[in-house]
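The values are calculated or read from the model by the stated rules, or taken from the named source; none is laboratory data. In this text, all values refer to a predicted model and were calculated from it rather than measured experimentally. So basically every Cβ, Gly included, is an ideal-geometry build from the backbone, and we count neighbours across all protein chains shown.
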Amino acid sequence: MNKRIIGLTGGIATGKTTVANYLAHTYNLPIFDADIYARDAVAIGSPILKAIAQRYGQNILLPDGSLNREKLGAIIFPHPDERHWLESLIHPYVVQRFEQAIAQSPSQTLILVIPLLFEAQMTNLVTEIWVVYCSEPQQLQRLIQRNHLTQEQAQTRINSQLSLSEKAARATIVLDNSSTPESLLKQIDVAFANQLE
């Protein structure tokens, strides 16, 4: 039997973590998260962190030698060229980690949480794509509240990703997270039962 590999994506602050946690707890599914791999990629002493410090100077690092994410965010989100440079280092590492995880997991159904599934061209890793969707004003509000950003900072981060409507158009399943949490969980149950032949 081939594995069912669900690529869970959506915009920033649309509710991917909520969906992943529900799938992990309710269906006992293994969750593999691109953000965790991306953090590993820039761990203290890693070649990628060294390259970042070489490009932006030592003040991109915190006193303990780890990456100052806030400073890096201020550089890469307003400057697409810098973001692409960084992604060209991190994405291949993330893909490699996913491939290892898929090969080693005994589970028949896996969840890969990949915020930049389309942008990073990782769709070939998955057998179906679930997009978590909400309205743009909701997304903006949630992001401002969650990350304590100004409206401008939040909008810049949202604009750095493919639009939600484009992601939804390319999804196998769209989970609409614009109403209640209960409504979202019901949609997940339906989507999960809907095993693709």
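A few remarks follow.
- Verdict on L117 being under 20 Å from A38 (Cα atoms), over 14 Å from the mean Cα position of the chain (by Cα) and buried (at least 16 other Cβ atoms within 10 Å of the Cβ): no
- Looking at region 137-197, the helices (runs of 4 or more DSSP H) lying wholly inside it that each contain 1 or more residues that are touching a helix residue (DSSP H, G or I) at 6+ places or on another chain (Cβ under 6 Å) and among the small types (G, A, S) sit at 151-159.
- Residue in region 60-67 that is surrounded by 14 or more Cβ atoms within 10 Å (Cβ to Cβ) and assigned to a helix (DSSP H, G or I) present: yes
- For beta carbons closer than 6 Å, sequence separation of 6+ or different chains, a first residue in region 121-142 that is among the charged types (D, E, K, R) and a second that is assigned to a strand (DSSP E or B) and at pLDDT 90 or above, the qualifying pairs are E128/I6.
- Qualifying positions in region 1-52 - buried (at least 19 other Cβ atoms within 10 Å of the Cβ) and not hydrophobic (A, V, I, L, M, F, W, C): G7, T9, G10, G11, T14, G15, K16, D33, Y37
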